[in-house]
Amino acid sequence: MGSHMWHDRCPHCGFDGMVVWSYNQVYLEVACPMCGYEISPDERIPSGGDLELIKEALVGMNASDKKRVVESWWNDRVPLVVKLKTQT
């Protein structure tokens with residue numbers, strides 16, 4: 001028993017750093033720091049426009065950029081797509 005955390009590929013934007021938690025094999029939480037896909041406890045699926053925006057951003061990002069986005073998400077739990085939309 002206990003909790004486990006691992007990274008997986010997001011089924012929506014394709015980012016290979018989606019965070020997955022399992023608590024005591026009963027509760028599952030999933031969150032993508034890029035597009036905002038989330039299961040906890042309700043499922044949030046990003047819109048088509050949000051997916052296009054984040055896919056374009058991912059093309060231009062290197063590993064260091066992605067790492068900074070994930071670190072920022074751990075601090076404020078705001079996915080990159082939300083930050084990109086508020087900048088425009």
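Helices (runs of 4 or more DSSP H) fully within the stretch 2-88 that include at least 2 residues being among the acidic types (Asp, Glu): 48-59, 63-76.
Listed here are the residues, each with its yes/no results for (1) within 21 Å of ASP76 (Cα to Cα); (2) touching a helix residue (DSSP H, G or I) at 6+ places or on another chain (Cβ under 6 Å); (3) not acidic (Asp, Glu).
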site: HIS4; (1), (2), (3): no, no, yes
site: TRP21; (1), (2), (3): yes, no, yes
site: VAL26; (1), (2), (3): no, no, yes
site: CYS35; (1), (2), (3): yes, yes, yes
site: SER40; (1), (2), (3): yes, no, yes
site: ILE45; (1), (2), (3): yes, no, yes
site: GLY48; (1), (2), (3): no, no, yes
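Selection of the stretch 37-68 for residues being of a type in the set (Asp, Glu) and crowded, with 19+ Cβ neighbours inside 10 Å yields GLU38, ASP50. Of all residues in the stretch 28-48, none that is free of Cβ contacts under 8 Å to residues at least 24 places away in the same chain and polar (S, T, N, Q) has its Cβ atom under 6 Å from the Cβ atom of a residue that is surrounded by 18 or more Cβ atoms within 10 Å (Cβ to Cβ) and not in a strand (DSSP E or B), 6 or more apart or on another chain.
Looking only at residues that are loosely packed, with under 15 Cβ neighbours inside 10 Å and on the phi > 0 side of the Ramachandran plot in the stretch 11-32, which one is modelled with the lowest pLDDT? Across the stretch 11-32, the extreme among qualifying residues is GLN25.
The values are calculated or read from the model by the stated rules, or taken from the named source; none is laboratory data. Every value quoted in this text rests on a predicted model; they were computed, and no experiment measured them. Backbone-built Cβ (ideal geometry, glycine too); neighbour counts: all protein chains shown.
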